[in-house]
1. Report, ordered by the first and then the second residue, all pairs with beta carbons closer than 6 Å, sequence separation of six or more or different chains, a first member in the range 386-413 that is over 17 Å from Leu128 (Cα atoms) and of a type in the set (Val, Ile, Thr), and a second member that is open to solvent by 10 Å² or more (accessible area, probe 1.4 Å) and in a strand (DSSP E or B).
2. Take the residues in the range 77-103 that are out of contact with any Ser or Thr (no Cβ under 8 Å at 6 or more places or on another chain) and of a type in the set (S, T, N, Q); name whichever of them is nearest to Gly234 (Cα to Cα).
3. Of the residues in the range 337-383, how many are of a type outside the set (Ser, Thr, Tyr) and at pLDDT below 80?
4. Being over 15 Å from the mean Cα position of the chain (by Cα) and not aliphatic (A, V, I, L, M) is the filter; apply it to the range 164-174 and report the residue that is nearest to Ile143 (Cα to Cα).
5. Quickly run through the range 259-277 and pick out the residues that are open to solvent by 10 Å² or more (accessible area, probe 1.4 Å) and touching a residue at least 40 places away in the same chain (Cβ under 8 Å).
6. Do we find that Leu81 is out of contact with any Asp or Glu (no Cβ under 8 Å at 6 or more places or on another chain), modelled with pLDDT of 95 or more, crowded, with 21+ Cβ neighbours inside 10 Å and not basic (Lys, Arg) in this structure?
7. Can you confirm whether Phe329 is modelled with pLDDT under 95, among the aromatic types (Phe, Trp, Tyr) and more than 18 Å from the chain's Cα centre (by Cα)?
8. If Ala390 satisfies all but one of (1) surrounded by fewer than 20 Cβ atoms within 10 Å (Cβ to Cβ); (2) among the aliphatic types (A, V, I, L, M); (3) part of a strand (DSSP E or B), what's the number of the condition it fails?
Amino acid sequence: MVLTKCVRLSAAAKFGTRDILYNFRSLTTATVASGPISSSSTQEQQRRHASYGKMSGWQIHSYGTLQEELQFSESIKMPILKSPTQLLVKVKAASVNPIDVAMSSGYGASVLNAMRCKDGGIEFPLVLGRDFCGEIVQKGLGISSRELEVGDEVWGIVPLHLQGCHADYVVVEKYCLFKKPSNLSKIDASAILYAGLTAWSGLYITGHLGDLLGAISPVGGGAGKKVLVLGAAGGVGTLAVQMLLAEGVEVFATCATDAMQMVHNLSVKYVLNYNDPAHVQALASVGRFDIVLDCAGKGTEYANEIPWLFDQFITFNSPVLKNIDHEGFAVGMYQNAVSLVRNNAASLSTRQGLVKWGYFVPAPQGIAYLQRLAEKDKLLPVIEKVFPYAQTPEAYERVSQKHLRGKVVIDFE
């Protein structure tokens, strides 16, 4: 009830009659660039829907199981530009990430709904999907032709609290969108940014691998340091090891037995089987790591169970949103603070380093960094499987099963 009131008040305050009419006119002219999905009849239907401000997409109407909640609709309202720095993109390919599966069951709902309310958004129906590749069909007046132009092929990212990209069209701010590297296919381009930005922020924002300059610019850094990547065969891990190798970092990696050759093929010299108990002592004999990057979901408690020496243990398995979901903001944040202090106290008492949480950060300098590596052929995603648009639920199901070997992608065309 509170969220509904907030949305209505925001909409009433923000838009007048002229603005609504203007946005509708802009929308109808922008959708001429609609593209095919599977057949000529579908193309015609898509063009007809676009001309009336409708599109197709996959969305949830409540939190629950994927089999029950993820539904296809051909009557979703087309997103419209609400600021001069936004762009409308026709989606050609998009990846499915573990965060999409988690959000479908309500993960992070408390914080993300508060952010949606602030931006005048709604909770349901909700389109998921974070990273994509597509073509610009409309842009705001605040974006010059030197930056981006209608017709440009682009890759982009959608912040977690906004309507996602598993639909025909998506609207994003300029800082979330860059021209697609010409040497990447649409499939490869759609599979890099969410996982890549997660790895980048863990290494360069949380881990300070490139000092201050590495966090605030796309320069990278970290040559000569030593990093251990746990779970190097997944979407984040496969990109993290490539980033580290490109920066001249000495990389050690763990993965399952059947993924070891794949990780070796990424040019990682030291790959250990995490199913073999001997890998724990083998890594203990290596010496001190500058960073242990947990891409396997081990969590902060694991840092106190291992005998390895490290300056920083960074995990993406953070309890922050989960605690707030379960306990409310005040109690949840208190629990988060207690957990972090307790884990760091235990770690420092054994002369190990700091234990930290890493996060996905939709930072433009991070996208620019990934773009630079991709254009130099130093960064390429591992694609486990590509699903056609009509089989989007199967793509979600595969991601929900975990133990991925790279990324899962949806091909819209």
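1. Val386/Asp411
2. So, considering only residues that are out of contact with any Ser or Thr (no Cβ under 8 Å at 6 or more places or on another chain) and of a type in the set (S, T, N, Q), the one nearest to Gly234 (Cα to Cα) is Asn97.
3. Total satisfying the criteria: 12.
4. Lys174
5. If the condition is that a residue be open to solvent by 10 Å² or more (accessible area, probe 1.4 Å) and touching a residue at least 40 places away in the same chain (Cβ under 8 Å), then Met262, Leu266, Tyr274 are the ones that fit.
6. So Leu81 fails the test.
7. Yes, satisfied.
8. Unmet for Ala390, out of (1) surrounded by fewer than 20 Cβ atoms within 10 Å (Cβ to Cβ); (2) among the aliphatic types (A, V, I, L, M); (3) part of a strand (DSSP E or B): (3).
The values are calculated or read from the model by the stated rules, or taken from the named source; none is laboratory data. It should be emphasised that the depicted structure is a prediction, and the values quoted were computed from it without experimental measurement. Here Cβ is always computed from backbone atoms with ideal geometry, including for glycine, and neighbour counts include all displayed protein chains. Areas reflect the complete protein model, heavy atoms only, side chains present, ligands, DNA and RNA absent. Shrake-Rupley method; radii C 1.70, N 1.55, O 1.52, S 1.80 Å.
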